[in-house]
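Enquirer: Would you mind keeping the following structure in view while I ask a few things?
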Amino acid sequence: MENRTCRPGPRPTVVVLTTATTPPPYNAALLEDRAEVVYTDAEGLGGALPGAEVLLVWDFFSTALRDAWEHADALRWVHVAAAGVDSLLFDGLRDSDVLVTNAHGAFDGPIAEFVLASVLAQDKQLHLSKDLQRRSTWRHREVRRTAGQHALVVGTGGIGRATARLLRAVGLEVRGAGRTAREDDPDFGTVVASADLAEHAGWADHLVLIAPLTEATRGLLDAEVLGRMKPTAHVVNVGRGALVEEPALVEALRSGRIAAASLDVFAEEPLPPGHPFWAMENVHVSAHMSGDVVGWRDTLADQFADNLDRWLAGSVPAHRVDKDLGYVRRS
């Protein structure tokens, strides 16, 4: 893709990192009224960065900035149009004075709804009902009552909190797992230390992974944690695939150590054709779409435009990422 500068002038330059197949923000004209905007793909990023103060990572899984970092001679602010920033961060960016912001808040409600749908689908055997329908099989069963069950939500940021509130609303008892254990949390009540997850996993009927991917959370759901869970337990992962040690999860599901998993994210995406998850009846696969409700890209574009206005007015953009922790600190 050739770099395309929309409007020259003595204004800040905003580089938008996108792809040939991803449409630019719908409000591109609004951005172009405020700054000189340069659209580029990963290959052209190195040539687009010199002199640019702002980078919008619209291709939000891209790692291109790492390779083009030496050309970022004027960069002051990077905004990632995603909640997770694990694909973006590297030592040079962490050690710099460049501000990093993300799409904090944009996906809270949609992902919470997706988690609730996954929990209800498991308890009410909706996946099995659809399978029986395809086979024209009438089989009466008894299903589980969701109210009164236990949900352990791993990740106590905005998405985790929205999820906790929604699960509580339908009668589940909810706890959180986060970096620091505490009591009397307004959304979770009890928060246990995620480092001690194995000690608390046996409490959960539904273990929900929403934590950001950091060195502390990579492989958090491992054989030890799975070995402590109930045989009726259900895992939901809407965070990052690398939060899970996938071979251990496959084994736990095959052996009946746990009952089922609803997985929206994977270590390799798209999920490879030969992966065991595809053929497992107790695994429910979706294509990294838990937050992607109709209009989600417009929401992300509006969020960046609002932050750009703050930047141009001399204020600090909202949703500043702690580059050492890898997420937005809760105030």
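Enquirer: How much length, in nm to one decimal, is gained on full extension between Thr137 and Asp298, taken as 0.36 nm per residue of separation minus their Cα-Cα distance?
Expert: 53.7 nm
Enquirer: Separate question: Grab the other residues whose beta carbon is less than 12 angstrom from that of Phe266, score K and R as +1, D and E as -1, and report the net.
Expert: In short, -3.
Enquirer: Treat the count of other C-beta atoms within 10 Å as a stand-in for reagent exposure and order Leu88, Leu93 from fewest to most.
Expert: On the way: Leu88 24, Leu93 18.
The fewest-first ordering by Cβ neighbours comes to Leu93, Leu88.
Enquirer: Could you check what % of the DSSP bridge pairs in the stretch 108-285 are antiparallel, to the nearest 5?
Expert: Working: 2 of 26 bridges.
Of the beta bridges lying entirely in the stretch 108-285, close to 10 percent run antiparallel.
Enquirer: Run through the stretch 197-271 and list the GluC sites (Glu not before Pro) located in a DSSP loop whose Cβ has at most 13 other Cβ atoms within 10 Å. Could you put the intermediate results ahead of the total?
Expert: On the way: sites: Glu199, Glu215, Glu224, Glu245, Glu251, Glu268; in loops: Glu215, Glu245, Glu268.
For GluC sites (Glu not before Pro) across the stretch 197-271 that sit outside H, G, I, E and B with at most 13 neighbouring Cβ atoms in 10 Å, the list reads Glu215, Glu268.
Enquirer: Evaluate the chain: find the radius of gyration of its Cα atoms, find its Kirkwood radius, and give the ratio Rg to Rh.
Expert: Values: Rg = 21.5 Å, Rh = 21.2 Å.
My calculation of the ratio gives 1.01.
Enquirer: Across all directions of projection, what mean area in square nanometres is found for the Cα convex hull of the stretch 44-99?
Expert: 3.4
Enquirer: List the trypsin sites (Lys or Arg not before Pro) in the stretch 283-330 that DSSP assigns to loop (not H, G, I, E or B) and whose Cβ has at most 10 other Cβ atoms within 10 Å. Which are they?
Expert: Answer by residue number: Arg329, Arg330.
Enquirer: When only alpha-carbon atoms count, how far does the stretch 1-152 stretch along each of its three principal axes, as whole angstroms with the largest first?
Expert: Principal extents (Cα only, largest first): 70, 33, 27 Å.
Enquirer: Note down the net charge around Ala42, summing +1 for each Lys or Arg and -1 for each Asp or Glu among other residues with Cβ under 12 Å from its Cβ.
Expert: Every neighbour counted, the sum reads -3.
Enquirer: Residue farthest toward the positive end of the dipole of the stretch 43-195, with Cβ of Lys/Arg at +1 and Asp/Glu at -1: which of Gly46, Leu126, Ala193?
Expert: Leu126
Enquirer: While we're here: What's the local net charge at Glu53, with K and R +1, D and E -1, over the other residues with C-beta under 11 Å away?
Expert: Around Glu53, the charge tally is 0.
Enquirer: When Ser255, Ser87 are ordered from fewest to most other Cβ atoms inside 10 Å of their Cβ, what list results?
Expert: The order, fewest Cβ neighbours first, is Ser255, Ser87.
Enquirer: Beyond 22 Å, what percent of the Cα pairs of the stretch 108-285 remain?
Expert: 41
Enquirer: Moving on. Which of the peptides 271-277, 41-47 is most tightly packed, and how do the rest follow, going by the mean number of other Cβ atoms within 10 Å of each residue?
Expert: So the peptides 271-277, 41-47, ranked by packing, come out 41-47, 271-277.
Bear in mind that the values in this text are calculations on the coordinates, not laboratory data. In this text, all values refer to a predicted model and were calculated from it rather than measured experimentally. No Cβ is skipped: glycine too gets one built from the backbone with ideal geometry, and neighbour counts run over all protein chains shown.
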